[in-house]
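Novice: Could you have a look at this structure, given as structure tokens, before my questions?
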Amino acid sequence: MNRKSLVLPVLAGLMTSTLAACGGTDGAGSDDGAIVVGSTDRIEASKAATAPLDPAQAYDFASWSVLHSTFQTLMRLPRSGTDPIPDAAEQCGFRDRQSEQYRCKLRKGLKFSNGHDLTSADVKFSLERVLRIKDQSGVWSLLANVDKVETPNDREVVIHLASPDATFPSKLTTPAAAILDSEVYKKDAVRKGFDIVGSGPYTAKTEVQNNRLTKVVFTKNSEYQGDIQPRSDKLEMRFFDDAKTMEKALTKGDIDVVNRGFSPEQIERMDTTGIKGIQLQETSGQGIRYLVFDTSAPVVKNKAVRQAIAHIVDRQALVRDVYKRTAEPLYSMVPNNISSHTNSFHNEYGDPDVSAARDVLQQAGIDTPVQLTLTYTTDHYGPETAQEFKKLQAQLNASGLFSVRIKGLKWTEFRPGAVKREYAVFGMGWLPDFPDADTYVAPFLTKDNWLNSPYHNKTIEDELIPRTRQEAQRALAVKDLQKIQNLVAGDVPYLPLWQGKQYVAARDGVVGTEYLLDASSMLQLWELGRTSDG
């Protein structure tokens, strides 16, 4: 899920607010007055993923939302903006012109929530642990360029990179680089379950039912040493089975804030008719949805099949009929609010054109209709996913060039199957690890990509990505990043579909929502507070 110096919209500046005007009751989020954040995200332990809150395994927005408030990293993103600032570190920076040696000095007196001292040895332990465990989630790929970690003393850390990477400070802001207590976590195995020991601004007490997280209570960490000043001593996150139940809880006042999980119909209704006492805020989002092709699967191994699909898919209809105004068509794996974005797929394929698709298949000697299965997850991205895939199925079948069936699986089965390449074509979503175009490129196109895709392009891997990472001035990397997007459009290992907008719904009296999301769309729960009369 989330890169550095490229200009992104400042969330606070783009937010528009709608004060609702009908029906509703007043309530208090929790018995003790804690602000309660609602979500339909699922954080659950499974046979394939036994440690959903271990930084060496967690690699999804929901889990990272919990980890972000409970662990420290050497660097973090600021309240608003994209340039990393020190977190557990007092200062950090490259000590060479090649961006290969990164040195940090820790703050004095750092401690974990259990009272244990946090030293450079814990930093070294944590970074090396992620790489040693190398979980199938792919989170380790964020640190794959780390060659060696040295600790000259208890407060100094020197990280040697295998190759230049100007985006590395941004990668250190992610939970992949969370600092763990080496006396609690094992060096070569994930910590099963839902318990957390960190040094972040909050501690976390979790409630679990049937191996699924149902509630997290965040309490201000008395041992925390850092610059973050939490507005609230206590917060909660509650996880709901569906969006309707969550909306009722918001209307009733059982929860105070929601930033994910509402359906397009709910967003549309809240925006037009409103709910008394609820404000809805909208901003340009960075989350994308796309199709993944297993380029080694016989049915889509010939890129002509993938190109034909790119000619047929009607993104405008998909967004209009399924996602209403909550999304917009996307013609690159890089969102349109990243400065290096280019409409590579539209430039290559234009508007939907069945005749062009037929020509591509005929020239490649491919018999039609092509038998194809599109696989998706039923419970990870929302109920609209099923409608989306029915729409894609209808578009492809209507062309007469494809005979498509669709298959939905629960996330706990779907994700391991995707890594094992059990599906020829499947749908995925992505949120940025950090605010830079690199996060929409490298995780998908390097040898150790997080999807275990067999697609490889030597020009991208060996020339373009390394060259972009040498540019500390990220604007200088734009030309090569656009070349990458154009090459992807030509080969179609992935097919971008749409880019979502971001919404935050909050009850009157809750403040700080304009800073709830940082530049990588990660929750900054410590920004939430109440007015004196809230």
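Novice: I want to check a number: in the range 388-469, how many lysine pairs have alpha carbons closer than 20 Å, given a sequence separation of 8 or more or different chains?
Specialist: Numbers: Lys390/Lys407; Lys390/Lys410; Lys391/Lys407; Lys391/Lys410; Lys407/Lys420; Lys410/Lys420; Lys420/Lys447; Lys447/Lys458.
Lysine pairs, 8 or more places apart or on different chains, close enough: 8.
Novice: What are the residues whose amide H is under 5 Å from the amide H of Phe240, where those residues sit 5 or more places off or on another chain and H is modelled from the backbone?
Specialist: Here the answer is Ser39, Thr40, Asp41, since their amide H atoms fall under 5 Å of that of Phe240.
Novice: Ignoring ligands and nucleic acids, what accessible area does Asp379 show with a 1.4 Å probe (Å², nearest 10)?
Specialist: Accessible area, nearest 10 Å²: 40 Å².
Novice: Ignoring any ligand, DNA or RNA, what whole percent of the accessible area of the chain comes from carbon and sulfur when the probe is 1.4 angstrom?
Specialist: On the way: 9130 of 20770 Å².
Its accessible area is 44 percent carbon and sulfur atoms.
Novice: Can I ask one more? Strictly greater than 22 Å: what percent of every Cα pair in the range 72-177 meets that? Please list the in-between numbers first.
Specialist: Details: 1446 of 5565 pairs.
It works out to 26 percent of all Cα pairs.
Novice: What is the set of long-range amide H partners of Glu90 at a cut-off below 5 Å, with H atoms built 1.01 Å from backbone N?
Specialist: The answer is Lys105, Leu106, Arg107.
Novice: Can I ask one more? How many Å² of accessible area per residue for the range 288-500, probe 1.4 Å? List each step's numbers first, then the result.
Specialist: Values: 8120 Å² over 213 residues.
The answer is 38 Å² per residue.
Novice: Something else about it: About the Cα centre, and with charges only on the beta carbon of Lys, Arg (+1) and Asp, Glu (-1), how big is the dipole of the chain? Nearest 20 debye, please.
Specialist: Dipole size: approximately 600 debye.
Novice: To continue, here is another question. To the nearest 10 square angstrom, what accessible area does Leu250 show with a 1.4 Å probe?
Specialist: Accessible area, nearest 10 Å²: 0 Å².
Novice: Each residue of the range 512-522 in order: what ³J(HN,Hα) in whole Hz does its phi give by Karplus 6.51 cos²θ - 1.76 cosθ + 1.60, θ = phi - 60°, with x for Gly and Pro?
Specialist: 3J(HN,Hα) across the range 512-522, in whole Hz: x, 5, 5, 10, 5, 10, 8, 5, 10, 6, 8.
Novice: Under 5 Å between amide H atoms, partner at least 5 residues away or on a different chain: which partners does Ala327 have, H built in plane at 1.01 Å?
Specialist: Residues meeting the criterion, in which the H sits 1.01 Å from N, are Lys501.
Novice: Here's a follow-up. Charges at C-beta only: +1 for Lys and Arg, -1 for Asp and Glu. How large is the resulting dipole of the range 306-389 about its Cα centre, in Debye rounded to 20?
Specialist: 120
Novice: Kindly provide the pair-distance distribution of the range 288-500 built from C-alpha pairs, with 5 Å bins from 0 and whole-percent values in order of increasing distance.
Specialist: 1, 7, 15, 20, 21, 18, 11, 5, 1, 0
Novice: Once you compute Rg and the Kirkwood Rh from C-alpha atoms, what is the Rg to Rh ratio for the chain?
Specialist: Numbers: Rg = 22.9 Å, Rh = 23.8 Å.
We get a ratio of 0.96 for the chain.
Novice: Next up: List, in order, the whole-Hz ³J(HN,Hα) value for each residue of the range 347-357 obtained from phi through the Karplus relation with A = 6.51, B = -1.76, C = 1.60 and θ = phi - 60°; use x for Gly and Pro.
Specialist: Couplings: 4, 7, 10, x, 6, x, 8, 5, 4, 5, 5 Hz.
Novice: To the nearest 10 square angstrom, what accessible area does Glu471 show with a 1.4 Å probe?
Specialist: Glu471 has an accessible surface of roughly 60 Å² with all protein chains in place.
The values are calculated or read from the model by the stated rules, or taken from the named source; none is laboratory data. Please read these numbers as outputs of a predicted model, since none were measured by experiment. Here Cβ is always computed from backbone atoms with ideal geometry, including for glycine, and neighbour counts include all displayed protein chains. Calculation scope for accessible area: heavy atoms of the full protein, side chains included, ligands and nucleic acids excluded. Shrake-Rupley method; radii C 1.70, N 1.55, O 1.52, S 1.80 Å.
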